[in-house]
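Notes follow once the structure below has been shown.
Read-outs throughout are calculated quantities, based only on the coordinates presented, and are distinct from any laboratory measurement. None of the values given here were measured: they were computed from a predicted structure. When we count neighbours, we look across all protein chains shown, and the Cβ atoms used for this are built from the backbone with ideal geometry, even at glycine.
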Amino acid sequence: MLALDSKVTAEVLMGFDDPKIGTRIWSELLQRGQTNAVNLTWHWQRSWWKAFGRGQLLLIAAWRDDELVAIAPLFADSGMVFNICPEDHLDFVGDVSDAAVLDAILTTAQNCVHDFLGFRFYFVPERSETGSHLERAAGRLGLSILREASLASPWLNLKGRAEAAEECTRKTSLLRHERFFRRNGDLNVDHFRQAAEVAPCLDDFFDQHIARRAETLHPSLFVEERQREYYRELTREAAAQGWLRFTRVLWNGQAIAYHFGLSYQGRYLWGIPSFDIRLSRHSPGEVLLRQVLLQAIAEGATQFDFGPGDEAYKYRFASEATHLETWGLYPPSANGGGT
């Protein structure tokens, strides 16, 4: 355990099941922090580490006067320290506005890494004060700091804007494609939240996504069995917490599109869509998007987040965009590490 002054200490926990923390404590800290996102939850972070963890887990807790004030979910690999689960909004869990707290976390992590090369913190929202805190901490600790990347995450503001949001679902292109399917057969839409409902659909969803992405320069993540297992695990975890949102579009009894999404703290996340590539000329993906948007509005979501990436179609609907910043902190002799 590191003590930088008489009040603040930091230590590396034994893991996600360390008795010093737990889901309740983690959740309370998350609500006090700058960023409260679903992939920062204990359940999501633990699932990601279980599936993709490598190197050394550095789950660092910071205490002030015996009160737990922050957790840094990090890991070290090949001399670099990274944050866990670089898929969406990331940050520290809890309050790191106290310079002594952030310095204790960073110093503890650095001391754990032989031949330390630097830190890389992915996907910190620009609205978070963490970027500014890291800049000041770098100065205090003799590190250089770089804003290494910025990725847009477009979203549609639904709060108090139900009419404007519903107008998005009446765009001509969306309605035209949906009318084709309704004129030429039976179109049905299922919205599932229970793992038992979703599990039987997952293999077909995976295969559909693989077939769709095979036509692009970027193969589906589901060609890897590890990714399939990860999403099976997320299905169970997210459903148990009430976060899972899975949509299936059926046409004449056949699944022509799926969506694996989430809803957390009023933020409805457009996650991973798929559609039957054989019907691409009729745009079943747009039918899917319209139905998922309608569902988000119906359940009273405050925002519909299209997730990281600046694909053009997102801006047809988005009203705003959050930029997710990647920060690198390096000792003077280092030139940056790998991913």
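Report the residues of segment 240-261 in range of a label on residue 204: point 7 Å along Cα→C-beta, backbone N strictly under 20 Å from it.
245-261
When the dipole is taken about the Cα centre of the chain, and only Lys, Arg (+1) and Asp, Glu (-1) are charged at their Cβ, what size is it in debye, to the nearest 20?
Details: 36 positive and 44 negative charges, 227 e Å.
Its charge dipole is roughly 1100 debye.
I'd like the FRET efficiency for residue 182 and residue 129, computed as 1/(1 + (r/R0)^6) with the beta carbon distance as r and R0 of 51 Å, rounded to 0.05.
Details: r = 49 Å, r/R0 = 0.96.
With a Förster radius of 51 Å, E is 0.55.
Give the residue from 250, 39, 81 lying farthest towards the positive end of the charge dipole for the chain; charges sit on Cβ (+1 for Lys and Arg, -1 for Asp and Glu) and the dipole is referred to the Cα centre.
250
Check cross-link reach from residue 50 to the lysines: straight Cα distance under 20 Å, and skip same-chain residues fewer than eight apart.
20
Between 116, 155, 192, whose Cα lies farthest towards the positive end of the dipole of segment 112-235 when Lys and Arg beta carbons carry +1 and Asp and Glu beta carbons carry -1, centred on the Cα centre?
Sorting the options by dipole projection puts first 155.
Which value in nm describes the separation of the simple spin-label points at residue 312 and residue 159, placed 7 Å from the Cα toward the beta carbon?
For the pair residue 312/residue 159, the computed spacing is 3.2 nm.
Quick one: which residues, 5 or more positions from residue 149 or on another chain, have an amide H under 5 Å from its amide H? H modelled 1.01 Å from N in the peptide plane, none for Pro or chain starts.
Sorted by chain and number, the residues that satisfy this are 326.
Take each of the peptides 51-59, 286-294, average the number of other beta-carbon atoms within 10 Å over its residues, and list them starting from the highest. Show your work: numbers first, answer last.
Numbers: 51-59: 16.1, 286-294: 22.8.
Ranked by mean Cβ neighbours within 10 Å, highest first: 286-294, 51-59.
For a quick protection proxy, order the peptides 186-196, 257-267 by their average other-Cβ count within 10 Å, most packed first.
Numbers: 186-196: 14.5, 257-267: 21.1.
The densest-packed peptide leads the list: 257-267, 186-196.
Among all the aspartates and glutamates, which ones have a C-alpha under 18 Å from residue 314's C-alpha, if same-chain residues fewer than 8 places away are not counted?
Answer for residue 314, where 18 Å is the Cα cut-off: 87, 88, 166, 167, 286, 305, listed by chain and number.
Which whole-angstrom value gives the distance between the alpha carbon centres of segment 45-72 and segment 218-286?
29 Å
Return the distance in nm (one decimal) between the two label points of a simple spin-label model at residue 233 and residue 221, each offset 7 Å from Cα along Cα→Cβ.
Output for this residue pair reads 1.3 nm.
At most 16 other Cβ atoms within 10 Å and a DSSP loop assignment: could you name the trypsin sites (Lys or Arg not before Pro) in segment 98-137 that fit? Mind showing how you got there, number by number?
Working: sites: 120, 127, 136; in loops: 127.
Filter output for segment 98-137: 127.
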